Amino acid sequence: MTDWKATAAKYQDQYLADLKQLVAIDSSRDVENQTDEFPLGPGPAKALNQFLTFADRDGFTTKNIDNVVGYIEYGTGDDYFAILGHADTVPAGNGWDTNPFELLVEEGQAIGRGTSDDKGPALSAYYGLRILKDLGIEPKLKIRLIIGTDEETNWTGMNRYFETEPAPKAGFSPDAEFPLINGEKGNVTFETHFDGASAIAEQQLLSFNAGLKENMVPRDAEAFVTMEDPDTVIQQFDTFIGASPVSGSASIVGKQVHFEVVGKAAHGMEPRNGINAGTYLAMFLKQLPLDQAGTNFIRFITNNLHDDSRAEQLGLQFHDDVMGDLTMNVGLMTYDAETGGVINTNFRYPKGIEPATIQQHLEQAAGPYQASVTQVSNMEPHFVPADDPLVTDLMAVYREQTGQAAAKPEVVGGGTFARLMEHGVAFGALFPGATDTMHQANEFQPVSDLMLAMSIYAQAIFTVTK
């Protein structure tokens, strides 16, 4: 009988060497440098090809599809079991104590962008597959580890895969939490559009910017305004910052006042884990006598969105006993006095409420501010019953390896590639009680957890394909 943990431990040094190469690649979506060869920019394609290079080195069959998705294959047959990971990351952002693209292993922690989401876990899954191959274990069901390059935005790569390749029989995504995620909330995004200023005013909001991605709580925000008495405004701002859970600074730039606020980034699936710099900056700016267009933009945020992850101010509080609360993340806020503004709101919703209802409430709230609402994207809720054989098999492996006999599958607000498969679940690699640093500065994952995940994945792949 295979000692999965002892076997996985033998691969630690090479695993970390490979992870170092992956972390070194800035693989966030880069549309400014996209080309026909690199539709998502060179970084995501480079990270994908690095994964495939590891697999070529280790003797697997590989395929790159248009530099947006690729797969690593082991075994033969028409049907196959899929493992869906991704090589892209969210932008590094500010606030790091180390170089986000240089893997640092310190006090047992692997630190760097992607160590937790999803380069570290996807690489653990790859090594789980490699263990089977190195042990000479031939699966009765073919296995494909599929690597996407746009999970953090539009799922371009994985959607391309499912358009060009046959669907798997079943699978899991190593891009969430243990013990197992058998349900994912719906994920819908809206944009609320505001008009720009019709004329130049003496006291005016000139610009406002906050956020990097719709699925991140904005850490940084800034705004430029013109004010008749900038010195007094700066004093007011300092007082506001002193009484708020954010930091910030204000300075006079010519005839303008420049405000900067720093909050705390977090994954947008649970905004309570972060502090939204953008909505806090708006809370200060609402005190100022701004022009009407700027006031509309700011007041919509402060009156409907600030510090309200459950969307209660919009009248959208909703709870399902299985899937939990509806949540709202205000991920992107931009405004320009000439062209107007856009506020991006991302909702994770359980079964029992529809996107049309969410849009209706947003439109009602936006009306008094002469704003309009459009839906940008939507993914329906996904659920696999707890008694499905895939769930019971994977849970049995997890309980055996961790000793957590009472562990049960869970439902989360995050959206993973698992929802692309009828029999798909998310499986690791964040363990219960571990610190979640996904989408945050100083992202890390304990090396011991990544190695345990490798061991679990090896046994899990063996179990479901034997």
Task: Rounded tilt (10° steps) of 230-242 against the dominant C-alpha axis of the chain - done: 40
Open item on the list: What lysines does Lys213 reach when the alpha-carbon gap must be under 16 Å and sequence neighbours fewer than 8 apart in one chain are set aside?
Closed with: Lys264
TODO: Compute the relative contact order of the range 187-379 as a whole-number percentage, counting only Cα pairs closer than 8 Å that sit 6 or more residues apart in sequence.
DONE: 33
TODO: Rounded to the nearest 10 degrees, what's the angle between the helix 355-366 long axis and the longest principal axis of the chain, both from Cα atoms, 0 to 90?
DONE: 20
- [ ] Tell me what the chain gives for mean residue ellipticity at 222 nm when only DSSP H runs of n ≥ 4 count, each as -39,500 (n - 2.57), the sum divided by the residue total, rounded to 500 deg cm²/dmol.
- [x] -9500 deg cm²/dmol
- [ ] With a/c under 1.5 counting as rounded, go ahead and sort the range 188-299 into rounded, prolate or oblate using the C-alpha gyration tensor (a ≥ b ≥ c being the square roots of the eigenvalues; past the cut-off, prolate if a/b is larger than b/c, else oblate).
- [x] oblate
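How would you rank Arg113, Arg219, Arg29, Arg57, going from fewest to most other Cβ atoms within 10 Å of each one's own Cβ? Write out the running numbers ahead of the final one.
Working: Arg113 30, Arg219 26, Arg29 23, Arg57 9.
Starting with the residue having the fewest Cβ neighbours, the order is Arg57, Arg29, Arg219, Arg113.
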Open item on the list: For the chain, take the longest principal axis of its alpha carbons; what is the angle in degrees between that and the long axis of helix 119-134, to the nearest 10 within 0 to 90?
Closed with: 10
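Would you please name the GluC sites (Glu not before Pro) within the range 190-226 that are DSSP coil residues with at most 15 other C-beta atoms within 10 Å of their C-beta? Please report the intermediate quantities before stating the final value.
Working: sites: Glu191, Glu202, Glu214, Glu222; in loops: Glu202, Glu214.
The qualifying sites are Glu202.
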Open item on the list: On a 30 Å Cα-Cα criterion, which of the cross-link pairs Lys20/Lys133; Lys142/Lys408; Lys140/Lys185; Lys119/Lys142 come out too long?
Closed with: Lys140/Lys185
- [ ] Apply the Debye scattering formula to the range 187-379, with a single equal point scatterer on each alpha-carbon and no solvent, then give log10 I(q)/I(0) at q = 0.08, 0.15 Å⁻¹.
- [x] -0.25, -0.84
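Compute the whole-percent fraction of alpha carbon pairs in the chain spaced more than 34 Å apart. Write out the running numbers ahead of the final one.
Details: 39367 of 108345 pairs.
Of all Cα-Cα distances in the chain, 36 percent exceed 34 Å.
Can you give the Rg/Rh ratio of the range 1-108, where Rg is from the C-alpha atoms and Rh is the Kirkwood radius?
On the way: Rg = 16.3 Å, Rh = 16.0 Å.
Using only Cα positions, Rg/Rh for the range 1-108 is 1.02.
Would you list Val31, Val246, Val225 from fewest to most Cβ contacts within 10 Å?
On the way: Val31 9, Val246 20, Val225 23.
Final ranking by Cβ density, sparse to dense: Val31, Val246, Val225.
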Open item on the list: Only counting other Cβ atoms within 10 Å, I'd like Met379, Met333 sorted with the fewest neighbours first.
Closed with: Met379, Met333
Open item on the list: I need to check one value: relative contact order of the chain, counting alpha carbon pairs closer than 8 Å and at least 6 residues apart, in percent.
Closed with: 23
Open item on the list: Restricting to DSSP loop positions (anything but H, G, I, E, B) with no more than 16 other Cβ atoms inside 10 Å of their own Cβ, which GluC sites (Glu not before Pro) remain in the range 81-124?
Closed with: Glu102, Glu107
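Read-outs throughout are calculated quantities, based only on the coordinates presented, and are distinct from any laboratory measurement. Predicted, not measured: the structure shown is a model, and the values here were computed from it. Methodologically, a virtual Cβ is constructed for each residue, glycine included, from the backbone with ideal geometry; neighbour enumeration extends over all protein chains shown.
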